[in-house]
Each structure stands twice: as structure tokens, then as C-alpha cells.
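S.K.: What follows is a structure written as C-alpha cells; I'll ask about it next.
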Amino acid sequence: MDAAIRVDRLSKRFGRLDVLRDVSCAVGEGEVVCIIGPSGSGKSTLLRCMNGLEEATSGRVLVHGLEVHDRGTDLDAVRREVGMVFQRFNLFPHKTVLQNVTLAPGLLRGLTAGEARERAEALLAKVGVADKRDAWPNQLSGGQQQRVAIARALAMQPKIMLFDEPTSSLDPEMVGEVLAVMQQLAEEGMTMAVVTHEMGFARRVADRVFFLDQGQLLEEGTPAAVFDQPREERTRQFLSKVL
Amino acid sequence: MDEQQILWFGWFRADIIKEYEPLFWEGLRMTVGVTAVCIVQGTLLGLLLGLARLADARHPLSKTLCRVLLRWPATVYVSFFRGTPLFVQILLMHFAVVPLFVNPADGWLVAGDTARDLRQNYGAVITGIVSLTLNAGAYISEIFRAGIQSIDRGQMEAARSLGLSYAQAMYHVVLPQAFRRMLPPLGNNAIALLKDSSLVSAVGLAELAYAARTVAGAYSRYWEPYLTISVMYWTLTLLLAWGVRHLEARYGRGDSR
């Protein structure tokens, strides 16, 4: 079976800075991969290359066999199948919670207003913010905003979900509620790539863990392998600081 | 004429204004009409120019095309219309550019008798609307550009990550938020446009300033006509400012950033 996401010798340069160096990896169908590493190691850039938010300097990214950075690929069509959740939530502040979730499916999935609302309400209930449907984003806590953002991405019924440090700008007491939603999603079989500093989550939920350092994929393996018996000295150093 | 003099405050010849009342109303209608048309057209032109100045693409070739075909021309355009006096633009438009397109002899757009009629009856209106629109478009494009750039990049990224096209993301996500921030400068621009429309009287557009000049010429009295149109302009700008404040209050909610 082909991988949901295949990254093939991907390099990315910002000016003279090598952000990603010859990274190759794959995320299988239904697999949950957590990408860990020190800040500036290229984790977020790798994730953002997976849905074409970031250009590749060289190499390829294939999502369900479609080459993300190829001119001939309908990138919008690829993105409809790949949801993304951002560190800063990026909810649309001029739209209510419900409108945030209904916008894309209404425009792109051909749902009627009623169908889109029904789907949105079900998803808002799933992530536990059903009672906030008519609120504005700025009236919600960070944890609630992030859960709405997850619902917004899920409303497109994507086959893959990308999470870019989804809990990094949350107050500590709100981290749990967001991770719980993500864990539920993982248990339902969603293909997920998660850039995170939550090592507990990675150990509990991930099928595999990628360790990135200075733009290179230094180590990958099951959480048990990476966390308990890291092969690389650099991985050991990093883990000793964060665990 | 002197027997019917009406004096206000002992010096203001109200009878002059009374006599020419229709001319002033006519002028008011023209001023408001031209301003309204130019605000609408200038905003559309400004949006297009603003988007052109922000045009970018993912791939190297399209990137170069965007720069050469959209960004540079738009930048030069804006620079010219902001860097030369509107008065000179109006004269250039009226006596050089419009005759090129509308000319009984060999107009590029209209020729023959139609052209003669058009020039005679609507020449000044055409000049006024075209030059004010082109000028306002340049200023408004800067407002759009700044407004769009002020919106957090994450908004565009979130919209695109859902699968929205650039145009859909602009229309549904970025522009509505940018528009709120643009309302105050757009309002100022509309007020400036209203006042600047008086310059078109130089080529004979029968608007407020032209009416005042006609009356001043007939009576060699200057306080009455110019004070009258000053009050009329002032009233209009106050109304516009009030309208903009009203819009701001209405559309300002829900924006947290």
C-alpha cells in the first residue's frame, strides 16, 4: 500500500539558511506520526511542505501519489483532503464559530447551508464546543479556539490531518482538552502528522516518532524505540532536556 | 436690479444667491454625482491596482510574469498619479488624452459627428470622471495594499489550507477583514475626492465651483457665491464623515485583532 504522504529527498533553503536537508520519510495510511526536535530544526517547515504552504527548494512531496510542488497538480484539490491546524489557531475573526466551520464545505463540497450547518454542529459537539456556535472567536479561550480550528479542518472530511504545534500557544490547563480531541481522532484511524513538544502525547498516541535536528531527519521509529533506546547521541541530548 | 436687494447681516447680498439658485442646485447635483461615480469606480480600480501590486506566484516563471506584467506597471501607475498634481492631470486629460480618443477627425474610440456632440455636451464630464477616477484609484490602491498587508498571514494560510483558491480566500477571508480597517482612510479619501472635484471646473464642468465662478463674474461679488459653496461643500463633507462613522460602527464588531 502506498503511503498517504511520501517525502522524497526534500530540501528547503531560506536565503543561505538550510532549513531542511535531504529529508526522506513517509506517513502511512491511518498512521500517526509525531515530529519532534529542538526549535529551528525544521519541523514546522517539513509539515508546511506537506500541503504546499511552503515551496520546496528541491525534492518531492507526494500526497496520495500527487506531487504537491508540481505545477500540474491542482494544489487546492490536494489541500481539500489535507486538514491543517495551526499554532495560533488562525480562526477567521470576522465570522462566528459556526461560520468558521461551514465556510469551506459550503464553498468547496457543494453542501447546502443546512447540510453544512448540520455537519458543523456535529463536529462542534464532537470537540466539545457546541454551546459556542454563535460566539465570535475572540470570545473563546485558547483551548476552545483550537478545538474549533480542529472542527473547521475536519468539516472538509480530510483524509489526512496536519498539526503544527497545536498546543504551543495554549495556557497549560488547556493543553489537555486539545490533546484529548487529537487522541480521539487518532483512535478513529485518522492519518496524522503532528509537530509537537508534548512528549507524553507522542509516546501515548504516535505510531512512529521522527526526530529532526538542524534540518535533518536524524532518527525515526516507534515511540518506545526513540524515547527509550535512542540510537543517536543528539536524540539522547534532546530527550534528556525535555523528558 | 438694485431695487430688489436683500441684505443679510447688512452686507450679504442674498438676492444674488436667490437669483442663481437653480445654478447652485445644478452644481450641487453635478458635484455629488461626479463624486459618487468616482468613489465607486476609484474603489474598484484601487482594488485591482492594489491586488496587482501584491501579485505573486509560486513558480519562478509565473513569479517573473507577475512582477513584469502586474507589479511594475501598477507601481509606475500609482507613482505617476500620486506624484503629479491632479490639476495638471485634469488639463492633460482634457486637452490631450480625451481628444486622442474622442475626435471628430480621427478619434481612436469615437470619430465624426458623434465625437463632436460628445465633446461639446459631455467633454468636461468625461474629463472629470476619468481623471478623478484614475487619480482616486491610485490613492485607494495604497489603502487596499496596506489594508490587505495588515491582515495576519495566518488568515490566508488557514483559508488556503482548507482548499480555498486565492480569489476565494481573498473574497471571503482577507478582504472583509481588511475592509474594516480601510474604512477610515477610505472615508478620508472620499472627502478629498469631493473637494478635489472642484478642480474640474477649470475645464468647464458645471459643478459647484463653476456655479460660484459664474455668479462672481456676473456681479463682481465674491463673498456671496464662494461663501455659499463653501457652506455647501462643508455640509457635504460633514455628511460623508458622519456616514463613514456610521459604517465603522456597524462593521467594526467581531474583529479582535
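S.K.: Where residues in the stretch B:159-171 are at the interface with chain A (Cβ under 7 Å from one of its Cβ atoms) and either under 26 Å from the mean Cα position of the chain (by Cα) or of a type in the set (A, V, I, L, M, F, W, C) (or both), which of them is surrounded by the most Cβ atoms within 10 Å (Cβ to Cβ)?
M.R.: Only one residue tops the list, namely B:L162.
S.K.: Which of the numbered conditions does B:Q149 fail, given that it passes all the others? Conditions: (1) more than 30 Å from B:A209 (Cα to Cα); (2) within 14 Å of another protein chain (Cβ to nearest Cβ).
M.R.: Among (1) more than 30 Å from B:A209 (Cα to Cα); (2) within 14 Å of another protein chain (Cβ to nearest Cβ), B:Q149 violates only (2).
S.K.: Sort out for me the helices (runs of 4 or more DSSP H) sitting completely within the stretch A:10-110 that have 3 or more residues that are buried (at least 20 other Cβ atoms within 10 Å of the Cβ) and among the hydrophobic types (A, V, I, L, M, F, W, C).
M.R.: Of the helices (runs of 4 or more DSSP H) lying wholly inside the stretch A:10-110, those with at least 3 residues that are buried (at least 20 other Cβ atoms within 10 Å of the Cβ) and among the hydrophobic types (A, V, I, L, M, F, W, C) span A:43-50, A:97-108.
S.K.: Filtering the stretch A:178-210 down to residues that are assigned to a loop (DSSP other than H, G, I, E, B) and surrounded by fewer than 22 Cβ atoms within 10 Å (Cβ to Cβ), which residue is nearest to the chain's Cα centre (by Cα)?
M.R.: A:M190
S.K.: Count, please, the residues in the stretch B:55-64 that happen to be among the aliphatic types (A, V, I, L, M) and exposed (fewer than 14 other Cβ atoms within 10 Å of the Cβ).
M.R.: The total comes to 1.
S.K.: Can you tell me which residue among A:L123, A:L47, A:L66, A:L108 is of a type outside the set (K, R), within 13 Å of another protein chain (Cβ to nearest Cβ) and touching a helix residue (DSSP H, G or I) at 6+ places or on another chain (Cβ under 9 Å)?
M.R.: Residue meeting the stated conditions: A:L108.
S.K.: For the structure I just gave you, tell me whether B:L199 is in contact with a Leu (Cβ under 7 Å, 6 or more places away or on another chain), of a type in the set (A, V, I, L, M, F, W, C) and at the interface with chain A (Cβ under 10 Å from one of its Cβ atoms).
M.R.: No; evaluated as a whole, the condition is false for this residue.
S.K.: Right, here's the next one. Out of the residues in the stretch A:162-177 meeting the condition of being charged (D, E, K, R) and within 12 Å of A:H197 (Cβ to Cβ), tell me which one is surrounded by the most Cβ atoms within 10 Å (Cβ to Cβ).
M.R.: Only one residue tops the list, namely A:D164.
S.K.: What are the pairs with Cβ atoms under 7 angstrom where one residue, in the stretch A:89-100, is within 9 Å of chain B (Cβ to nearest Cβ) and the other, located anywhere, is among the hydroxyl-bearing types (S, T, Y) and surrounded by fewer than 20 Cβ atoms within 10 Å (Cβ to Cβ)? Sequence gap at least six, or different chains.
M.R.: Once the first residue is within 9 Å of chain B (Cβ to nearest Cβ) and sits in the stretch A:89-100, its partners that are among the hydroxyl-bearing types (S, T, Y) and surrounded by fewer than 20 Cβ atoms within 10 Å (Cβ to Cβ) give A:P93/B:S256.
S.K.: Shifting gears a bit: Check whether at least one residue in the stretch A:170-177 is of a type outside the set (D, E), assigned to a helix (DSSP H, G or I), farther than 19 Å from A:G83 by Cα and in contact (Cβ under 8 Å) with a residue 40 or more places away in the chain, and report yes or no.
M.R.: Scanning the stretch A:170-177 turns up no residue that is of a type outside the set (D, E), assigned to a helix (DSSP H, G or I), farther than 19 Å from A:G83 by Cα and in contact (Cβ under 8 Å) with a residue 40 or more places away in the chain.
S.K.: Given the stretch B:1-90, what helices (runs of 4 or more DSSP H) lie entirely inside it while holding 1 or more residues that are among the polar types (S, T, N, Q)?
M.R.: B:21-54, B:60-65, B:72-83
S.K.: Can you tell me which residue is farthest from the other protein chains (Cβ to nearest Cβ) among those in the stretch A:126-146 that are in a loop (DSSP other than H, G, I, E, B) and charged (D, E, K, R)?
M.R.: The extreme case among them is A:R133.
S.K.: Would you pick out the residues in the stretch A:147-169 that are within 26 Å of A:G40 (Cβ to Cβ) and in a loop (DSSP other than H, G, I, E, B)?
M.R.: Within the stretch A:147-169, A:E165, A:P166, A:T167, A:S168, A:S169 qualify.
S.K.: Taking the stretch A:70-88, which residues are in contact (Cβ under 8 Å) with a residue 60 or more places away in the chain and either within 7 Å of chain B (Cβ to nearest Cβ) or of a type in the set (G, A, S) (or both)?
M.R.: A:R80, A:G83, A:M84, A:F86, A:R88 - these are the residues of the stretch A:70-88 that are in contact (Cβ under 8 Å) with a residue 60 or more places away in the chain and either within 7 Å of chain B (Cβ to nearest Cβ) or of a type in the set (G, A, S) (or both).
S.K.: Name the one entry in B:V78, B:V110, B:V88 that is at pLDDT 95 or above, more than 16 Å from B:L205 (Cβ to Cβ) and either touching a strand residue (DSSP E or B) at 6+ places or on another chain (Cβ under 9 Å) or surrounded by 14 or more Cβ atoms within 10 Å (Cβ to Cβ) (or both).
M.R.: Exactly one residue qualifies, and that residue is B:V78.
S.K.: Now for a different question. Let me confirm something: among A:C34, A:C25, A:C49, which residue is of a type outside the set (D, E, K, R) and over 21 Å from A:T235 (Cα atoms)?
M.R.: Unique residue meeting the criteria: A:C49.
The values are calculated or read from the model by the stated rules, or taken from the named source; none is laboratory data. What you see is a predicted model; the values in this text were computed from it and never measured. Heads up, the Cβs are rebuilt from the backbone with ideal geometry, glycines too, and the neighbour counts pull from every protein chain shown.
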